Amino acid sequence: MGRRRLAREIALQALYLVDVAHTPAAEAFAIVNRRGDKHEEKNLDFARSLLDGAIAKLGEIDAHIAATAENWPIKRMAAVDRNVLRLAAFELAYERDTPVSVVIDEAIEIVRKYSTEDATKFINGILDKLKALRPPPDAPEKDPS
């Protein structure tokens, strides 16, 4: 498994705790990393930036997801699927260094691991529409905070 995917999985697990257990983000991140696994600091930094960014932009991200997933309220989505979408939507909009196709492929592989095969189609369809969140290459950088 690639380092960035591992970072995305760490961010997903922490965001899941924030969402489902209402755990503060810093505590959720610490819980996920208490397993004793030794991750490279770059991985943890990337995971933390995804987690913090998705939380900071949660209202905006959820609004985009809700508008895209017509007649499918966010709270009705499986918690894993909802949080994979949130992280990928944040990455599409604010992490320009990662190509759109990579963000979508990574989200699909993660949802395949943590959810169901049917969820991969759902996530792919939503993210295919949300890729429009990616600003054009010549647009000024957005501030994720």
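The values are calculated or read from the model by the stated rules, or taken from the named source; none is laboratory data. Computed from a predicted model, the values in this text were never measured in an experiment. Counting neighbours? That spans all protein chains shown, and the Cβs are built from the backbone with ideal geometry, glycine included.
Some observations on this one:
- Selection from the stretch 79-135 of residues that are among the acidic types (Asp, Glu) and either in contact (Cβ under 8 Å) with a residue 40 or more places away in the chain or in contact with a His (Cβ under 8 Å, 6 or more places away or on another chain) (or both): Asp81, Glu91, Glu95, Glu106, Glu109
- Some residue of the stretch 49-62 being surrounded by fewer than 13 Cβ atoms within 10 Å (Cβ to Cβ), on the phi < 0 side of the Ramachandran plot and either in a loop (DSSP other than H, G, I, E, B) or at pLDDT below 95 (or both): no
- Taken over the stretch 69-103, the criterion of being surrounded by 20 or more Cβ atoms within 10 Å (Cβ to Cβ) and of a type in the set (Val, Ile, Thr) is satisfied by Val80, Val84, Val103.
- Screening Ala56 on (1) in contact with a helix residue (DSSP H, G or I) (Cβ under 8 Å, 6 or more places away or on another chain); (2) in contact (Cβ under 8 Å) with a residue 24 or more places away in the chain shows it passes everything except condition (1).
- Pairs with Cβ under 7 Å, 6+ apart, first in the stretch 8-25 and closer than 16 Å to Ala89 by Cα, second outside any loop (DSSP other than H, G, I, E, B) and among the acidic types (Asp, Glu): Arg8/Glu106
- Residue among Arg96, Arg34, Arg4 that is modelled with pLDDT under 95, within 26 Å of Asp138 (Cβ to Cβ) and assigned to a helix (DSSP H, G or I): Arg4
- Reported count of residues in the stretch 104-118, each being modelled with pLDDT under 95 and either crowded, with 18+ Cβ neighbours inside 10 Å or assigned to a loop (DSSP other than H, G, I, E, B) (or both), is 1.
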